[in-house]
Amino acid sequence: SRWYQRRVRAHEQDFCSVNPKFVAVIAEQIGGGAFMVLKTDRIGGIDAGSCKISKHNGAVYDIRWSPYNDNLIASACDDGLVRLWNITDERGVEPNHSPVQTIQGHQKRVGGLAWHPSADNILASSSYDNTIRLWNAETAQEVSSLSAFTNQITDMCFFADGSQMAATCKDKKLRVFDTHTGEVAIEGPGHENMKVSRVCTLKDGKIFSAGFSDMSSRCVRLYDPRNMSSKLMELDVDSATGSLFPYYDPDLKEDILRGGQPIPHT
């Protein structure tokens, strides 16, 4: 694909996001969160201060480049706000760089972000207030809210056409939502362990999840969203304690796990 999100996480969120023009990396900073932006063609050493965006009132938990605008990036913050930043080709990060939009609505920290795959300027955010909200990023207005969760949301992923979204939660449920209405389209049992589980949707509409079994072994599962009461496939990976990170390549039709092997689909 023309852009790529590397799902290696700090604090259970992405800390790196890449598109054809820029690399963005979350940075630790005393007194507020920050992330750095570098051009992908840059060679040699860097001055961290000259490429750092620091205007956050808390830790940054996720960053995502827009799939429709290589110069627009969203950041999720501990202060409950989502900020949008424009990074120009000519100047990159400027001194006192300010957001072009600030989205407010969550009551607690924002833990994850996802851009709509087929509608420009629609951004989803998940929060520790146990909601996922969809926003018009241009106007900062809420489009819909998904609020059926009873515990911390651990991951979310749009289906290919954007009409639905799959989400995992520490309440051990796997849910599919209608993104237009915010209603639960279907709900089924997720991973039995309360450790972090993650989800990605496949090109054929199936759902792939990675998490922990009731015996605390790391495992992956495949679901048909039309019937989530049973699993199409389940594979125990190992007994390690670290979380699994699923990636899906729609061209190769492979699920790839960090710490695991590619799992092909027909």
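The values are calculated or read from the model by the stated rules, or taken from the named source; none is laboratory data. Keep in mind it's a predicted model, so treat the numbers as computed, not measured. Neighbour counts are summed over all protein chains in view; Cβ atoms, including those assigned to glycine, are modelled from backbone coordinates with ideal geometry. Keep in mind that these areas ignore ligands, DNA and RNA; they rest on the heavy atoms of the full protein, side chains included. Shrake-Rupley method; radii C 1.70, N 1.55, O 1.52, S 1.80 Å.
Just give me the residues in the range 80-112 being under 19 Å from THR168 (Cβ atoms) and in contact (Cβ under 8 Å) with a residue 60 or more places away in the chain, in sequence order. Break it down into steps so the answer makes sense when it comes.
Residues of the range 80-112 that are under 19 Å from THR168 (Cβ atoms), as a first pass: 106, 108-112.
Result: GLY111, GLY112.
Of the residues that sit in the range 76-118 and are among the hydroxyl-bearing types (Ser, Thr, Tyr) and more than 16 Å from ALA34 (Cα to Cα), which one is most open to solvent (accessible area, probe 1.4 Å)?
First, the residues of the range 76-118 that are among the hydroxyl-bearing types (Ser, Thr, Tyr): 88, 98, 102, 118.
Cutting the leftovers down to more than 16 Å from ALA34 (Cα to Cα) gives us 88, 118.
Values: THR88: 24, SER118: 68 Å².
Among residues in the range 76-118 that are among the hydroxyl-bearing types (Ser, Thr, Tyr) and more than 16 Å from ALA34 (Cα to Cα), the one most open to solvent (accessible area, probe 1.4 Å) is SER118.
Within the range 123-143, is there a residue that is closer than 30 Å to GLY49 by Cβ, surrounded by fewer than 16 Cβ atoms within 10 Å (Cβ to Cβ) and among the aliphatic types (A, V, I, L, M)?
The initial filter retains those residues of the range 123-143 that are closer than 30 Å to GLY49 by Cβ, namely 123, 125, 137, 140.
Subset that is surrounded by fewer than 16 Cβ atoms within 10 Å (Cβ to Cβ): 140.
Still in the running and among the aliphatic types (A, V, I, L, M): 140.
So far as the range 123-143 goes, yes, one or more of its residues are closer than 30 Å to GLY49 by Cβ, surrounded by fewer than 16 Cβ atoms within 10 Å (Cβ to Cβ) and among the aliphatic types (A, V, I, L, M).
This table checks each residue for (1) crowded, with 19+ Cβ neighbours inside 10 Å; (2) within 23 Å of ALA124 (Cβ to Cβ).
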site	(1), (2)
VAL176	yes, yes
HIS191	yes, yes
VAL199	yes, yes
SER209	yes, yes
ASP214	no, no
ASP238	no, no
GLY242	no, no
PHE245	yes, yes
PRO250	no, yes
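Residues checked against (1) at pLDDT below 90; (2) farther than 26 Å from ASN130 by Cα; (3) among the aliphatic types (A, V, I, L, M):
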{"residue": "ASN193", "(1), (2), (3)": "yes, no, no"}
{"residue": "THR201", "(1), (2), (3)": "no, no, no"}
{"residue": "ARG218", "(1), (2), (3)": "no, no, no"}
{"residue": "LEU222", "(1), (2), (3)": "no, no, yes"}
{"residue": "PRO225", "(1), (2), (3)": "no, no, no"}
{"residue": "ASP249", "(1), (2), (3)": "yes, yes, no"}
{"residue": "GLY260", "(1), (2), (3)": "yes, yes, no"}
{"residue": "PRO264", "(1), (2), (3)": "yes, yes, no"}
Discussion item. Among the residues of the range 33-57, what is the count of those that are open to solvent by less than 10 Å² (accessible area, probe 1.4 Å) and not hydrophobic (A, V, I, L, M, F, W, C)?
Written reply: 2
Practice prompt. Among residues belonging to the range 51-71 that are at pLDDT below 90 and more than 17 Å from GLY111 (Cα to Cα), point out the one that is farthest from the chain's Cα centre (by Cα).
Written response: CYS51
Worksheet entry | When residues of the range 1-32 are limited to those that are open to solvent by less than 30 Å² (accessible area, probe 1.4 Å) and out of contact with any Phe, Trp or Tyr (no Cβ under 8 Å at 6 or more places or on another chain), the one modelled with the highest pLDDT | CYS16
Discussion item. Given the condition within 30 Å of ASP161 (Cα to Cα), aliphatic (A, V, I, L, M) and modelled with pLDDT under 95, answer yes or no: does some residue in the range 84-97 qualify?
Written reply: yes
Worksheet, complete the sentence: Restricting attention to the range 58-75, the residues that are over 16 Å from GLU138 (Cα atoms), surrounded by 18 or more Cβ atoms within 10 Å (Cβ to Cβ) and in contact (Cβ under 8 Å) with a residue 40 or more places away in the chain number exactly 4
Worksheet entry | Complete set of residues in the range 141-162 that are under 16 Å from the mean Cα position of the chain (by Cα) and in a strand (DSSP E or B) | LEU146, ILE153, THR154, ASP155, MET156, CYS157, PHE158
